[in-house]
1. I'd like to check something: does region 408-416 contain any residue that is touching a residue at least 60 places away in the same chain (Cβ under 8 Å), assigned to a loop (DSSP other than H, G, I, E, B) and not small (G, A, S)?
2. Of all residues in region 417-441, which are hydrophobic (A, V, I, L, M, F, W, C) and in a helix (DSSP H, G or I)?
3. I'd like to check which strands (runs of 3 or more DSSP E) are fully inside region 144-230 and have at least 2 residues that are in the same structural domain as A248 (by TED's automatic domain parsing).
4. Say whether the condition of being part of a helix (DSSP H, G or I) and either farther than 20 Å from D250 by Cα or among the polar types (S, T, N, Q) (or both) is met by at least one residue in region 133-141.
5. Considering each residue of region 258-282, count those that are under 20 Å from Q312 (Cβ atoms) and either of a type in the set (A, V, I, L, M) or not in a helix (DSSP H, G or I) (or both), and give that number.
6. Are any of the residues in region 382-394 surrounded by fewer than 15 Cβ atoms within 10 Å (Cβ to Cβ), closer than 30 Å to I235 by Cα and modelled with pLDDT of 95 or more?
7. What's the number of the only condition in (1) part of a helix (DSSP H, G or I); (2) surrounded by fewer than 19 Cβ atoms within 10 Å (Cβ to Cβ); (3) in contact with a Cys (Cβ under 8 Å, 6 or more places away or on another chain) that V342 fails to meet?
Amino acid sequence: MGKYFGTDGFRGEANVTLTADQAFKIGKYLGYYYRKKNKNCRIVIGKDTRRSSYMFEYAIAAGITSTGADAYLLHVTSTPSISYVVRTEQFDVGVMISASHNVYSDNGIKLINSNGEKLEESITDIIEDYLDGKLPEVPYATKTEIGRTVDYFAGRNRYIGYLISIPMNSFKGKKVALDLANGSAFQIAKSVFDALGAETYVINNSPNGSNINDNAGSTHIEGLQKYVIENEMDIGFAYDGDADRCMAVDEKGNVVDGDKIMYICAKSMMEDGKLKKNTVVTTVMSNLGLYKAFDKIGIKYEKTAVGDKNVQSCISENDYSFGGEQSGHIIFSKYANTGDGVLTSLKLMDVVINKKTKLSELAKEVELYPQLLKNVKVNDKNKCMEDKDILEIKEVVDNKLGNNGRLLLRASGTENVVRIMIEADNIKTCKEYVKNIEDVIIKKGYAV
């Protein structure tokens, strides 16, 4: 993991830890680097609905064009749409401006290669060196060599058309609720569901620059649960700020998280002979209950580090077809090379319709273990994770849990946060062990 670029791009508070100057330099180096490979270099840029996204969009575009490359602007769009457009329309690289599920005051820069995957660390490492002044200044283009900016709404529209082409069924007669998180999905998701015949209802679809993820979307799903129950919806889907995650709600208002979505879709793919090597790629955050459910029906699984980038790498390297995260980043490799929230909701809808049943019936086959996740803000996540007393309490808790649960203690890849996750056969045990570890972090002076 780099100094600036973590598991999901360069992320921080806008104009505090991620500045317009840095965005300009990133754009400038991207234009320079890729124009050396292709004199007619084209770079596509998308953004979410944060107030600061507009500032970063123009800063990055200015950097790109200053070195002679062309910047194509999709404007407000989703991360998976950038991945699709880069991959299918021969762009050299893609840029998505978003801090995903973070609060509106944060923002981020995600870089996507020509295959539609997160950019290789070997290149982001070079960009970091440039940001830190370790490389020579790159030359500006002049006269007719200066690049152009191009409004490129057509790219987003083609992505919408692609999504509409994927499901095998009409959604006619289904009442579907969508929580758009006041984010990237607000110009995409409803159009897709309407075109497929669903009776579509939306909440949190009025972005104003500061309400993205504000008690909305996949990380605040209680609003969608209430809406589904009160309005007698057949199903609900919630996305995050840049629409690369999806969480579902069944007709009873129960949350169907990424683990349960993976189980439902993987089982269907296995039955249809479409689950390559009969294997699903998961991360270390997936619930023990998911693995027990997979074992019961004979599905194999891999475990990677957290991040859909790691899931995609494992899928690609082993020629698998499917994988994802508990948080709702789900990758269907036949259709996309990154997590795609809207695509995930379409594939889950297809399974529900094909099985002629309700989502609650499909989801009940997975009995999840009680799980408690505590995010502790710290002043130095690396020192905290290396502290001998914290490592000692980790070992103690691991031994106490044995085979009846598990502990995951890790530093966030995008924030100065240490995440404590406990799974056990009862929530009381989860709370007790999370507190034991948090208390040591506080006692050692790392918590802020």
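1. Scanning region 408-416 turns up at least one residue that is touching a residue at least 60 places away in the same chain (Cβ under 8 Å), assigned to a loop (DSSP other than H, G, I, E, B) and not small (G, A, S).
2. Of all residues in region 417-441, those hydrophobic (A, V, I, L, M, F, W, C) come to 417-418, 420-422, 424, 427, 430, 434, 437, 440-441.
Selection gives I427, C430, V434, I437, V440, I441.
3. Strands (runs of 3 or more DSSP E) meeting the threshold: 175-179, 199-203.
4. no
5. Residues meeting the conditions: 10.
6. Taking every residue of region 382-394 in turn, none turns out to be surrounded by fewer than 15 Cβ atoms within 10 Å (Cβ to Cβ), closer than 30 Å to I235 by Cα and modelled with pLDDT of 95 or more.
7. Here V342 meets the rest and fails (2).
This table checks each residue for (1) β-branched (V, I, T); (2) in the same structural domain as I126 (by TED's automatic domain parsing); (3) in contact with a Lys or Arg (Cβ under 7 Å, 6 or more places away or on another chain).
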position	(1), (2), (3)
G31	no, yes, no
S52	no, yes, no
L74	no, yes, yes
V86	yes, yes, no
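The values are calculated or read from the model by the stated rules, or taken from the named source; none is laboratory data. These numbers come from a predicted model, not from an experiment. Ideal geometry is used to build each Cβ from the backbone, glycine not excepted, and the neighbour counts take in all protein chains shown.
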